[in-house]
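J.: Pasting a structure here, questions to come.
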Amino acid sequence: METVLPSLIDKHNRHLNYLRISITDRCNLRCLYCMPHDGLAKLKHEEILTYEEILRLATIAVKLGVNKIRLTGGEPLIRKGILHLLPSLVSLPGLKDISLTTNGVYLKEHLDKIKSAGIKRINISLDTLHRKRYKKITGYDGFEQVWEGIQLARQLGFNPIKINMVVMQDINDDEIVDFARLSLNHPYHIRFIEYMPSGFADQGTHLHHVPNSAVKEQITTLGKLARVLNTEIDGPTDRFRLEGAPGEIGFISPLTHHFCQVCNRLRLTASGHLRPCLLSDQEVDLKTLMRAGASDNDLEQIFLETAKNKPRAHRLVSEHCGSLSGQMSAIGG
Ligand code: SAM
Ligand code: SF4
């Protein structure tokens, strides 16, 4: 008889079925809200998980009930060899959903291989529809590349294609309605994300978040928003659809709407630390343990223990009470 392994359930009865894996801490962009202009100290090659180590840990997580994996970064598409990792991850038995979050700059040239590896869902971060502003926000004149990547993803049948917009006061909040309108004309899922203060990134920029309640109010000028029911793998996104729209609108509101009670996420950082909460310093160094010879059984126990001790809620509830406690690019957002 097959042994049934225990699942990743925490003390607050949340089932942690979603693992976000940061493939690399490096990035080709310098988004205002994520990285300082001069970049951050980079991890050395030997400090980041190898693909074999990533696959080993993902296999353990899936055995323990993770059924959704997102590959993120840094920018996942700039790590050499990433496309070879995808098919092995996609074929993990029990995995229902695997997706990739990218800034989209190198999407166009990789889409065929991403598709043939079996990835169907893709998230693209795009905070403006204007070329000059794109350069101001990201430090790179790449709007056209990203936009063409999105269009090609659609032609190739990726579904859903989610477009993530981090809304920042006086930077891009005049484009909220334009982004929402995209969902009326295309099958894109537009996700409005509240900016989370990251002390090290916005030096001198003084970014401010816009509450998603205000974002939503602006969008209702386009029509009525009907709620779309969340599925088991949706996590904390609040989903809606404008009447008659082929696409969707989603709100991710870490600051103004506590979604901790439904948070189903674990994170594996580029340096191999398992983090039960984005907004807490609590993490376990799996890489060192693995390299010191930990068995799969040892690692399973650590996964279970880390999951059990996931903090009940995060402390970042207003822009005045702190900032992200680690680098978004290494943790994976
Ligand atoms: N480089 C890829 C990208 O940009 O899509 C993946 C990594 S990025 C860290 C993952 C997500 O985190 C992106 O959608 C990005 O917009 C979001 N993000 C980064 N810093 C953020 C912040 N301070 N507040 C809110 N979202 C943030
Ligand atoms: Fe790079 Fe993504 Fe961070 Fe922008 S949000 S700097 S693209 S890791």
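The values are calculated or read from the model by the stated rules, or taken from the named source; none is laboratory data. As the structure is a computational prediction, the values presented were derived from the model and not from experiment. Don't worry about glycine lacking a Cβ; one is built from the backbone with ideal geometry, like all the others, and counts go over all protein chains shown.
J.: For residues that are within 13 Å of ligand 1 (Cβ to nearest atom) and assigned to a helix (DSSP H, G or I), scanning just segment 139-154, find the one that is surrounded by the fewest Cβ atoms within 10 Å (Cβ to Cβ). Before the answer, list the steps.
T.: Of segment 139-154, the ones within 13 Å of ligand 1 (Cβ to nearest atom) are 139-140, 142, 146, 149-150.
Those still in the list that are assigned to a helix (DSSP H, G or I) too: 146, 149-150.
Numbers: Val146: 24, Gly149: 26, Ile150: 20.
That would be Ile150.
J.: Hey, any hits in segment 17-36 for a residue that's away from ligand 1 (no atom under 16 Å from the Cβ), assigned to a loop (DSSP other than H, G, I, E, B) and free of Cβ contacts under 8 Å to residues at least 60 places away in the same chain?
T.: no
J.: Mind listing just one residue for me: the one in segment 81-136 that is within 14 Å of ligand 2 (Cβ to nearest atom) and of a type in the set (Gly, Ala, Ser) and, of those, surrounded by the fewest Cβ atoms within 10 Å (Cβ to Cβ)?
T.: That would be Ser125.
J.: Based on this model, can you work out whether Asp97 counts as at pLDDT below 95 and closer than 22 Å to Ser116 by Cβ?
T.: Working: at pLDDT below 95: yes; closer than 22 Å to Ser116 by Cβ: yes.
Criteria met by Asp97.
J.: If you go through segment 36-56 one residue at a time, do you hit one that is closer than 22 Å to Leu286 by Cα, within 16 Å of ligand 2 (Cβ to nearest atom) and among the small types (Gly, Ala, Ser)?
T.: Checked against the condition, which is being closer than 22 Å to Leu286 by Cα, within 16 Å of ligand 2 (Cβ to nearest atom) and among the small types (Gly, Ala, Ser), segment 36-56 yields at least one hit.
J.: Kindly provide the set of residues from segment 92-118 that are free of Cβ contacts under 8 Å to residues at least 40 places away in the same chain and on the phi > 0 side of the Ramachandran plot, ordered by number.
T.: Listed by number, the residues that qualify are Gly94, Gly118.
J.: Right, another one. With respect to Asp170, determine if the residue is over 14 Å from the mean Cα position of the chain (by Cα) and in contact (Cβ under 8 Å) with a residue 12 or more places away in the chain.
T.: yes
J.: Another question about this same structure. State all residues of segment 271-288 that are surrounded by fewer than 16 Cβ atoms within 10 Å (Cβ to Cβ) and free of Cβ contacts under 8 Å to residues at least 40 places away in the same chain; if no residue qualifies, say none. Spell out the reasoning first.
T.: From segment 271-288, those surrounded by fewer than 16 Cβ atoms within 10 Å (Cβ to Cβ) are 281-282, 285, 288; that's our starting set.
If the condition is that a residue be surrounded by fewer than 16 Cβ atoms within 10 Å (Cβ to Cβ) and free of Cβ contacts under 8 Å to residues at least 40 places away in the same chain, then Gln282, Asp285, Thr288 are the ones that fit.
J.: Quick check on my filter: what residues within segment 272-308 are in contact with a strand residue (DSSP E or B) (Cβ under 8 Å, 6 or more places away or on another chain) and of a type in the set (S, T, N, Q)?
T.: Gln282, Thr306
J.: Here's another thing I want to ask about it. Among the numbered criteria (1) in a helix (DSSP H, G or I); (2) within 24 Å of Arg239 (Cα to Cα), which one does Lys136 miss?
T.: Among (1) in a helix (DSSP H, G or I); (2) within 24 Å of Arg239 (Cα to Cα), the lone unmet condition for Lys136 is (2).
J.: Applying the selection to segment 177-190, what residues are within 30 Å of His206 (Cα to Cα) and surrounded by fewer than 22 Cβ atoms within 10 Å (Cβ to Cβ)?
T.: Across segment 177-190, the qualifying residues are Val177, Asp178, Arg181, Leu182.
J.: Could you tell me whether Ile60 is in a helix (DSSP H, G or I), among the β-branched types (Val, Ile, Thr) and buried (at least 16 other Cβ atoms within 10 Å of the Cβ)?
T.: Taking the combined requirement at face value, the residue satisfies it.
J.: Yes or no: Leu86 in a helix (DSSP H, G or I), in contact with a helix residue (DSSP H, G or I) (Cβ under 9 Å, 6 or more places away or on another chain), away from ligand 1 (no atom under 16 Å from the Cβ) and of a type outside the set (Lys, Arg)?
T.: no
J.: Something else now. Give all pairs with beta carbons closer than 6 Å in which a residue from segment 119-130 that is within 19 Å of Ile171 (Cβ to Cβ) meets a residue that is outside any strand (DSSP E or B) and more than 15 Å from ligand 1 (Cβ to nearest atom); count only pairs at least 6 apart in sequence or on separate chains.
T.: Note: pairs meeting the criteria are Leu129/Asp178.
J.: In this structure, does Leu55 turn out to be aliphatic (A, V, I, L, M), surrounded by 20 or more Cβ atoms within 10 Å (Cβ to Cβ) and not in a loop (DSSP other than H, G, I, E, B)?
T.: Against the criterion (aliphatic (A, V, I, L, M), surrounded by 20 or more Cβ atoms within 10 Å (Cβ to Cβ) and not in a loop (DSSP other than H, G, I, E, B)), Leu55 does not qualify.
J.: So which residues in segment 67-79 are crowded, with 22+ Cβ neighbours inside 10 Å, out of contact with any helix residue (DSSP H, G or I) (no Cβ under 8 Å at 6 or more places or on another chain) and under 13 Å from Leu16 (Cα atoms)?
T.: Matches in segment 67-79: none.
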